[in-house]
Amino acid sequence: ETALGAAASFGAMPSFADAAARRGYARIHFSPRAAKLADALCLAEDGWLRRAVARLFLMRPRCDALSLGGGPGESFAALATLADYVGGDRFGREEPPARHRRPSAKVACAVVDYEPGWAPAVADLANAMGVDD
C-alpha cells in the first residue's frame, strides 16, 4: 500500500518483481477491483449504460478489451463474468427462464502491464476460465 501511495503521489512506479508480493497484492485487490469494474458497468441509475453494456455483450459475438496496467487480470475476470451474467447465467443457482437465456459475447482481453511477472497469473486465470486462444 505504501508503494502504491508513493506511485500516486510522486510518480514512482512500485515494484512487483517479488512473486510473494504479487500473490499478496492479488489476494487483497483482485476481487474488489473486479467487482468495482462490474459495478461501474451496471450502475442502476444510468439506464443508457445498462443498455450499452447489454449491446456490448448480447449483440455481438465477441467483446475485445484492453486492460492497461492490468496486473493479474481482474478486468478480464470482471468482463467475462459480467458477459455470462448479462446472458442469463446465474452461476449454478436457479435456472433463469428461457426468455432470459441468450448467448453472450466471447470476451477477449489483452492484459498489458509493465511488470512481466504478472504474466503467469494472467495465464492461470485464462486457463481457469477456459480461454482457448
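List of remarks:
- Length gained on full extension, M129 to I28, computed as 0.36 nm times the residue gap minus the Cα-Cα distance: 34.3 nm.
- With R₀ fixed at 41 Å, the C-beta to C-beta distance from A19 to C42 puts the FRET efficiency at about 0.75.
- Interchain or long-range residues, amide H under 5 Å from A65's placed H: A108, C109, A110
- Between the listed residues S31, L79, L41, the Cα displaced farthest toward the positive end of the dipole of segment 10-89, a dipole computed from Cβ unit charges relative to the Cα centre, is found at L79.
Any read-out appearing in this document is the output of simple, stated calculations on the displayed coordinates, not a laboratory observation. Because the structure is a prediction, the values reported are computed rather than measured. Cβ: placed from backbone, ideal geometry, glycine included. Neighbour counts: every protein chain shown.
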